[in-house]
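Please read the structure below before turning to the comments.
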């Protein structure tokens, strides 16, 4: 089998991409913990710390993305796959923005989430993070073992579908409840904020599948 790793003499680039993917994995963990804290205690000091951590990781990932782009163009690295790598990095970077945006919305708007709906929010967040984790693993495989990308993408799709089911059920329960309409709409907005992350992960996985096919034919 031919060597399919994109990395050879480009060790510095490899390290930057690995670090970039680490930021996404770490932000997913912190995002899950932040939502868990909010559901239990609201926007307290610990939540603020988690939000600040995601903000920092998003900023660091932006710097890494720009450095990766600069290296790809300045040193003419991996020219055959450069466009695909740039596309993948740019779309992955938006996941951090979605995590950050959702947490800022919690911090600014402080939705009142009744106890009956908290398990649904918690489960939805878990499935969304599962989808992102699988996407990161698939993205790592793209650079070293593109044949394995399909297995991880399949998991992304499964977790995204599960997140859709959970969010739909949660919204149905919210609108079937006795709370006022404005409160229902506010809660729906936060359900969709979280679910959008899984939707975007699926979109990135679709692109990743094409990139991987191009590398294996």
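The values are calculated or read from the model by the stated rules, or taken from the named source; none is laboratory data. In this text the structure is predicted, and so the values were computed from the model without any measurement. Cβ placement follows ideal geometry from the backbone for every residue including glycine, while neighbour counts extend to all protein chains displayed.
Name the residue, out of 72, 92, 96, that is free of Cβ contacts under 8 Å to residues at least 60 places away in the same chain and either surrounded by fewer than 19 Cβ atoms within 10 Å (Cβ to Cβ) or part of a helix (DSSP H, G or I) (or both). Walk me through how you get there before you give the answer.
On the way: 92 fails: free of Cβ contacts under 8 Å to residues at least 60 places away in the same chain; 96 fails: free of Cβ contacts under 8 Å to residues at least 60 places away in the same chain.
Being free of Cβ contacts under 8 Å to residues at least 60 places away in the same chain and either surrounded by fewer than 19 Cβ atoms within 10 Å (Cβ to Cβ) or part of a helix (DSSP H, G or I) (or both) holds for just one of 72, 92, 96, which is 72.
Scanning the range 159-203 for residues that are more than 21 Å from the chain's Cα centre (by Cα) and closer than 18 Å to residue 136 by Cβ yields a count of 0. Every condition in (1) surrounded by fewer than 19 Cβ atoms within 10 Å (Cβ to Cβ); (2) assigned to a helix (DSSP H, G or I); (3) modelled with pLDDT under 95 is met by residue 123 except one, and the failing one is (3).
Got a number for residues in the range 108-117 being in a helix (DSSP H, G or I) and either at pLDDT below 95 or surrounded by 15 or more Cβ atoms within 10 Å (Cβ to Cβ) (or both)? Qualifying residue count, the range 108-117: 1. Among all positions in the range 192-199, there is at least one residue which is surrounded by fewer than 16 Cβ atoms within 10 Å (Cβ to Cβ), modelled with pLDDT of 95 or more and either part of a helix (DSSP H, G or I) or out of contact with any helix residue (DSSP H, G or I) (no Cβ under 8 Å at 6 or more places or on another chain) (or both). Here is the figure for the range 15-26: residues that are more than 11 Å from residue 136 (Cα to Cα), touching a residue at least 24 places away in the same chain (Cβ under 8 Å) and surrounded by fewer than 16 Cβ atoms within 10 Å (Cβ to Cβ) total 1.
Summed over the range 148-170, the residues that are closer than 18 Å to residue 119 by Cβ and surrounded by fewer than 18 Cβ atoms within 10 Å (Cβ to Cβ) give a count of 4.
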